[in-house]
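The structure under discussion appears below in the form of structure tokens.
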Amino acid sequence: MTILDAASDVLRCFTAERRELTVTDVCALRGAPKSSTSRLLRAMRDAGLLETVGDSKRYRPSILLFELGQAYRAGSTLLARAHEVVSGIVDQVGHTGYVSMREGLDVMGLAYMAGRNILRVGTPIGRRLPLAASATGRTLLARLGDDEIRALYPGALPQPSPLAPRDLDELLARIATVRARGYEVSDGEANPGVGAIASAVGDPDTGEVVSLCVTYPAATVTPAERSQIIDGLVDGACAIATVLGDTRCAALIARGADK
């Protein structure tokens, strides 16, 4: 493993729930020796990738990484367009919106738009959700072929709740539905009581793919609101796909099939 690989592994240890870590924490998460881990963290601090928290022995990501994240967001045409679409829907319905991407077998939020409703739900940016057990994840998986999906899940599926797909066959059946209608719905799979609707779109030039999503309290959303969210996400994904030339966009394909 190169120093870059090791540093990348360390950065992946930080999450929305683990914002500060000690050498001991990183050793436990990586299964690496304490001596080499200590040297690695000091080297990352000296290089500007990490910073220490006051006079403590805890580390956190540096301001440099935040600035790079902002530069990534600003430089992504796809992300900017997706943010605009989801923000518009959030303004209309008052629920929470996200733009997310795939990271391995997880979904990771890139942008968060807080709704105006008094009762609103959401997941902190940086917290990961399982691909197979979330609306955003299944819209991203729907862009892959079935054989590619099987290769991602050679064993049992993660099942955070009884509502999530129980096996690969059920997952593939749900993904087939995503491809047919252009969006996905989840109700309390990854987060109890939280519903979500999502649709994915990509940029063929950069290879980026994101999922546009709106979340809401599953017990209180009305059928009219659900329809409004679905229409907004599908229309938005289709508009972005048309501009960027994304011929693999499930929403665009489904809409074409309906005509």
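Values in this text are rule-based calculations from the coordinates and carry no lab data. What you see is a predicted model, and the numbers here were worked out from it, not measured in a lab. Heads up, the Cβs are rebuilt from the backbone with ideal geometry, glycines too, and the neighbour counts pull from every protein chain shown.
For this structure, a couple of remarks:
- Potential lengthening of the chain between Glu170 and Asp5 amounts to 55.9 nm, from the contour at 0.36 nm per residue minus the alpha-carbon distance.
- Across the chain, the mean sequence separation of Cα contacts (distance under 8 Å, 6 or more residues apart), normalised by length, yields a relative contact order of 16 percent.
- With the alpha-carbon atoms of segment 3-66 aligned to their principal axes, the span from lowest to highest coordinate is 26, 22, 22 Å, starting with the largest.
- Charge dipole of segment 76-258 (Cα centre as origin; +1 on each Lys and Arg Cβ, -1 on each Asp and Glu Cβ, all else neutral): 300 debye, rounded to the nearest 20.
- Tilt relative to the chain, helix 168-181 - C-alpha long axis, 0 to 90 degrees, to 10: 50 degrees
- Cleavage-rule hits (GluC sites (Glu not before Pro)) in segment 1-59: DSSP loop, at most 16 neighbouring Cβ within 10 angstrom: Glu17, Glu20
- Acute angle (nearest 10 degrees) that the helix 34-46 long axis makes with the longest principal axis of the chain, alpha-carbon atoms: 80 degrees
- Axis angle, to the nearest 10 degrees, between helix 63-75 and the longest C-alpha principal axis of the chain: 30 degrees.
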